[in-house]
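The block underneath contains the structure these notes are about, expressed in structure tokens.
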There are 2 protein chains.
Amino acid sequence: MAASHHDKPPPLDMSHHYSVITKRRQPSQIKQAYKFFQIPGILNIAGGLPNVEFFPFDTLEAQAAKPKRWTPSPNHPSEPAASASSSDPAAANHLAVPKTLHETDPLKKIDLSTALQYGLAQGYPPLYSWVRQFTRENLHPDTPYRDGPEVIMTCGATDGFAKTLSLFVDQWTEGVNDISERPGLLCEHFVYSNVLSQAQPFGVQVVPVKSDASGMAVKGRGGLEDVLANWDPSKGKRPNLMYTVTLGHNPTGIVLSVERKKEIYDVCSKFDVIIVEDEPYWYLQFPSAAVEEAKSHGQPLPPAPQSPTQPTPTRSSSGYPFLDSLTPSFLSLDTDGRVVRLDTFSKTVAPGCRLGWITAQPALIERYERITESTTQQPSGFVQGLISELVLSSSPQNQLARSTFSRLFLSSSSSSSTDSAKSFTGWDTSGFVRWLAGLRGSYERRMTRMCRILDHGSTLVSASALHPSSTSEWSPLAVSKTTLFSYSWPRGGMFIWLRAHLETHPLWLAPCPNPRFPVLNGPPLSAALMVWLTTKPFRVLVTTGSMFSANDEIRKEEGWKYYRICFAAEAEENVDRAAERFVQGVHEFWKVTDVRVVEKMLGELGASGEVRAVGEDVSRLGWYNMGC
Amino acid sequence: MAASHHDKPPPLDMSHHYSVITKRRQPSQIKQAYKFFQIPGILNIAGGLPNVEFFPFDTLEAQAAKPKRWTPSPNHPSEPAASASSSDPAAANHLAVPKTLHETDPLKKIDLSTALQYGLAQGYPPLYSWVRQFTRENLHPDTPYRDGPEVIMTCGATDGFAKTLSLFVDQWTEGVNDISERPGLLCEHFVYSNVLSQAQPFGVQVVPVKSDASGMAVKGRGGLEDVLANWDPSKGKRPNLMYTVTLGHNPTGIVLSVERKKEIYDVCSKFDVIIVEDEPYWYLQFPSAAVEEAKSHGQPLPPAPQSPTQPTPTRSSSGYPFLDSLTPSFLSLDTDGRVVRLDTFSKTVAPGCRLGWITAQPALIERYERITESTTQQPSGFVQGLISELVLSSSPQNQLARSTFSRLFLSSSSSSSTDSAKSFTGWDTSGFVRWLAGLRGSYERRMTRMCRILDHGSTLVSASALHPSSTSEWSPLAVSKTTLFSYSWPRGGMFIWLRAHLETHPLWLAPCPNPRFPVLNGPPLSAALMVWLTTKPFRVLVTTGSMFSANDEIRKEEGWKYYRICFAAEAEENVDRAAERFVQGVHEFWKVTDVRVVEKMLGELGASGEVRAVGEDVSRLGWYNMGC
């Protein structure tokens, strides 16, 4: 077990980072009201609430998967012998949230009279308390500051980041505010660009930090320490906010090691930077990726994956081997209390939940509560109620109440609910973790299948007769091998990040009659390939690196080299097909020798047609709502 | 029918009102992407979406009321003979949203593969299109500008107002920004105070406008015209934003007449003010209030209520007599396109929906879409999917698909869903309107019952023997009648707004030993009465006018006079009891002649204890989330 929370130092005061608006928000005095609300027998004609009897919903119900629907990865720690037999896609339970449950414990009272009424900004009590416990005891059992972090529910991670901007960033306008006050946001060169669209209207300066194969670089020119130590104040305020994805980075698929995290954290601590860790894919770490990649490449196998996070005398267990096997969060290093973590149910349940949570030191969470009261108030009770019912284990008392409810109140059209209510048990934390392990297994298998196909197609082998004029069948052949693209197998997340070697294309640097593209260098060739892949017979849509470039310079210099492929979105039967069509399309593109074909592709990209706009057109196509 | 939309002038350009942040938000270029998304047979490995098969929910279901569950008001236009027999509290349908519906029309495709996936900022297509049609054709058939208003779904009206602040208000800070730029917000003297808590952290100056018995005053000292025409620029920028509730005002219960709206609109047009109309109670207009009030007071009956909004040659019908009978929105007068209306499902379905919509001219809605993309993205698909299923009429095709789905995929625990799916039809617009009429009837009956009891108890009759020393049973009595409180019956909404005549209390202006309250004037007596009412045997909690006072001056001068009573929140069996206990408590309070009793009540309000803090303590108790 971890040392007692009280042996630890408290987190540092971060209030100097608050925006003016955040500082002005009044503290809540709701606790002073509780004594009135809670007077036994009081009739409350103060609050402007509609009565629950006027809600048209008498129940909310669902068919929901059992936790073992999907098969974990073969080396799933808690199920070493995991086999297909543990998977049963049809296995489901019937959930029912009744109108009114006669239960005095608000943490167990999951009913419509509470879930569909006005509620607290921190979240629906049963769900909030489950998330809080899961976060503090299972996900981050080792937070180094006293009493550990707090949580607040959000309407998903985008909402969480919007509130984070509201918490830390003051609006800045050129000509109105001094340049020395211009806020900055640190991020990698390639970044989930929706966060930049969120930040830039505030006048935020995006400050890209170089990465290497292991993620954001700390040392060296353009690394984090260089950027911060050599900051030029005439360009704005030294950035005090960092945005990053550490497990299954979007778009690069990198898993940041604990060692690298420690280096980054130390620099952030030195320069007083708040770290915003956005982890939609935190459970998608692929233990087999290194070995399978080596096999596919015919290289020597790396040492068996050694989890860096096995419980040790200095590290507590999460209680679940699966969670222990995941690289721990920045929160596990957060002695200062400068880490804000964004979690979401978008990838563990569904994006349409619009439900997630923020984890940070208590003083920051208190400010998030005030922001939430003035904006979203709370996530929808429809999703909070149904997710509560899904993840919480039914106590015997609740089960009894439910089945009584079912017998008494459910109409004949769902009379069978009585039985299902009797047999129902929620997932509980162990079921949720098992569900995650099943999803991880499913996504890892998809990733492996796609990468094998891509590896197989990454080179173009051309054979030409050494003596073309010879008619002899025995003429020797010259075999040339061209690398079309290269990449590392992703160690986590949902994406494969490919570098296309467009400089090996036959039309590379070819003169082009189009005055906008006098020469076919990287940007136009890259955009043309994206469009080419959508044409028959390839018909496959990928995103280009320009969409993820942190600024125009990176877009121009590096962005055109990359493509991002998502192995999560397509139907199961299309996973292999999509990779095959991609390979086929790239191969055929390298056979294009007519400049006019490339020109035609570029014409598909719309009126603006400028090279710079190629990236922008695509990056602002609204992919944000496609979950990029 | 209305004149063709194309005969009307277009709305004015309001972009000079946009905040700097709003101006900086980039236009969406998603339409340029559609051509790629919509290529037949394309495999989309671009977007970072999880596949629907990995969502643990196989269905979402609910038991939901039939539209006629509640009895309309007796004079409900479409049901003149409405009787108790039309009410059936148990009547319910079973709704089921299947995982994947094979339906090509996105407006009819209500399934989890769409509702629980990433979606568009404007809202879930089936619900968005229904709300848009309902808003444009039924609620506001007469919008005067060309092509009419657009809509966008929100996470409720608080979210809608937060986005409205983001759209129109620039952060202002004393000492940083010039006073001439300080933004202002016009509102009534008594106002739903959560909107002030939302606005003030931005540096917004709250600018109260006087009201009379008919609502916000236009003429006279302190009226709207006076405030704007005589604006002193040394106090800030002349306000360009107004917040108001026009139908069932919170807290005053006033319904603003069309005539008054026209006067207000003309002044707003003259001074270029954006009107934000927040209408959570828009369907709760009480046709019987004037007559029943006169009856209860023993006064001559007023003329039969003449709806100001019957269709005329110059006014289109909404298509529903119930909707025609409601006072029309500012939108119906909005020649300029300066009205932003906030709607919510909080009171028509349930507060926990966190679902509503904004209606305004198209250019404003486009900006709201950009704001939404960067904050909430979209309301939860759980509530959007289930509300779609509730309000949309099933097409025969959908019904067939549903019943096929049920037979094939629903597990035995809900096998009976097959039948319910076959018989299911959604409410459709007519059912939704009928549901609203039933709610209106229910709330109107509650209001009438409470007001009758309050009327009966509004005076204290004291009898004392003219000759107290006399022992004769025949001694004549002197009867004194003291008015304890007075009010108008609310013409709409959920609240009764009482003025307590504390100046008739025996301890009025009594000296008090507490140094903080040397004399028992309005504020301490008012606060003491609020606490007194929570004690045994009254045990009833009301809100004081200080909670709704637009600023400290109003709180001190007027706020203490008022109490707001909500007749919507309590259980049916407690409606009369709450009013009775309130009356009893007030009567007993007037019998208190010991200053120490009042002092003790004030002690319950906590440490701050200052008169000014009495209002603040209560106003910041977090009632916002009690739906105030």
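The values are calculated or read from the model by the stated rules, or taken from the named source; none is laboratory data. Please read all numbers here as calculations on a predicted model, not as lab measurements. Backbone-built Cβ (ideal geometry, glycine too); neighbour counts: all protein chains shown. For accessibility, only protein heavy atoms count, side chains too; no ligands or nucleic acids. Shrake-Rupley method; radii C 1.70, N 1.55, O 1.52, S 1.80 Å.
Yes or no, residue by residue, for (1) open to solvent by 20 Å² or more (accessible area, probe 1.4 Å); (2) among the β-branched types (Val, Ile, Thr); (3) away from every other protein chain (no Cβ under 14 Å); (4) over 15 Å from B:Ala579 (Cα atoms):
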{"site": "B:Ile496", "(1), (2), (3), (4)": "no, yes, no, no"}
{"site": "B:Cys512", "(1), (2), (3), (4)": "no, no, yes, yes"}
{"site": "B:Phe538", "(1), (2), (3), (4)": "no, no, no, no"}
{"site": "B:Ser549", "(1), (2), (3), (4)": "no, no, yes, yes"}
{"site": "B:Trp560", "(1), (2), (3), (4)": "yes, no, yes, yes"}
With respect to B:Thr312, is the statement that it is within 25 Å of B:Gly215 (Cβ to Cβ) and modelled with pLDDT under 95 true? yes
Among (1) in a loop (DSSP other than H, G, I, E, B); (2) open to solvent by 10 Å² or more (accessible area, probe 1.4 Å); (3) within 30 Å of B:Ala62 (Cα to Cα); (4) more than 10 Å from chain A (Cβ to nearest Cβ), which single condition is B:Leu101 missing? (2)
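If I go through the range B:332-351 residue by residue, how many of them are among the hydrophobic types (A, V, I, L, M, F, W, C) and assigned to a strand (DSSP E or B)?
Total meeting the criteria: 3.
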Condition check: out of contact with any strand residue (DSSP E or B) (no Cβ under 7 Å at 6 or more places or on another chain), surrounded by 20 or more Cβ atoms within 10 Å (Cβ to Cβ) and among the small types (Gly, Ala, Ser). Does B:Ala528 satisfy that? yes
Enumeration of residues in the range B:112-139 that are surrounded by fewer than 22 Cβ atoms within 10 Å (Cβ to Cβ), in contact with a Lys or Arg (Cβ under 9 Å, 6 or more places away or on another chain) and either within 19 Å of A:Ala62 (Cβ to Cβ) or within 8 Å of chain A (Cβ to nearest Cβ) (or both): B:Ser113
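Working carefully through the options B:Glu553, B:Glu573, find the one that is acidic (Asp, Glu) and more than 29 Å from B:Val209 (Cα to Cα).
Numbers: B:Glu553 fails: more than 29 Å from B:Val209 (Cα to Cα).
Residue meeting the stated conditions: B:Glu573.
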Conditions first: (1) of a type in the set (Phe, Trp, Tyr); (2) surrounded by 20 or more Cβ atoms within 10 Å (Cβ to Cβ); (3) over 17 Å from B:Phe548 (Cβ atoms). B:Tyr192 passes all but one, so which condition is the exception? (3)
What tally of residues in the range A:334-347 results from selecting those that are among the polar types (S, T, N, Q) and crowded, with 24+ Cβ neighbours inside 10 Å? 2
Could you give me the residue pairs with C-beta distances under 8 Å whose first residue belongs to the range B:150-170 and is surrounded by fewer than 24 Cβ atoms within 10 Å (Cβ to Cβ), whose second residue is basic (Lys, Arg) and modelled with pLDDT under 95 wherever it lies, and which are 6+ apart or on separate chains? none
Could you give every pair whose Cβ atoms fall below 9 Å, whose first residue belongs to the range B:1-19 and is of a type in the set (Asp, Glu), and whose second residue is open to solvent by 40 Å² or more (accessible area, probe 1.4 Å) and at pLDDT 95 or above, counting only separations of at least 6 or pairs across chains? B:Asp7/B:Arg146; B:Asp13/B:Ala363
Are there any pairs, at least 6 apart or on different chains, whose C-beta atoms fall under 7 Å, with the first in the range B:518-546 and aromatic (Phe, Trp, Tyr) and the second assigned to a helix (DSSP H, G or I) and open to solvent by 10 Å² or more (accessible area, probe 1.4 Å), and if so, which? B:Trp532/B:Met601; B:Phe538/B:Arg581; B:Phe538/B:Gln584
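Looking at B:Gly603, B:Gly522, can you tell me which residue is away from chain A (no Cβ under 12 Å), open to solvent by 20 Å² or more (accessible area, probe 1.4 Å) and among the small types (Gly, Ala, Ser)?
Details: B:Gly522 fails: open to solvent by 20 Å² or more (accessible area, probe 1.4 Å).
Every option except B:Gly603 fails the conditions.
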May I ask you to list the residues in the range A:258-278 that are in a helix (DSSP H, G or I) and more than 19 Å from the chain's Cα centre (by Cα)? A:Glu259, A:Arg260, A:Lys262, A:Glu263, A:Ile264, A:Tyr265, A:Asp266, A:Val267, A:Cys268, A:Ser269, A:Lys270
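For the range A:150-164, indicate whether the set of residues that are within 13 Å of chain B (Cβ to nearest Cβ) and farther than 30 Å from B:Lys347 by Cα is non-empty.
Yes.
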Among the residues of the range A:463-519, write down those that are touching a Leu at 6+ places or on another chain (Cβ under 9 Å), modelled with pLDDT under 95 and not in a strand (DSSP E or B). A:Leu466, A:Ser475, A:Pro476, A:Cys512, A:Asn514, A:Arg516, A:Phe517
Residue count, the range A:224-266 (criterion: open to solvent by 10 Å² or more (accessible area, probe 1.4 Å), farther than 15 Å from A:Gly492 by Cα and not hydroxyl-bearing (Ser, Thr, Tyr)): 17
Check on A:Ile554, in contact with a strand residue (DSSP E or B) (Cβ under 7 Å, 6 or more places away or on another chain), away from every other protein chain (no Cβ under 13 Å) and β-branched (Val, Ile, Thr): yes
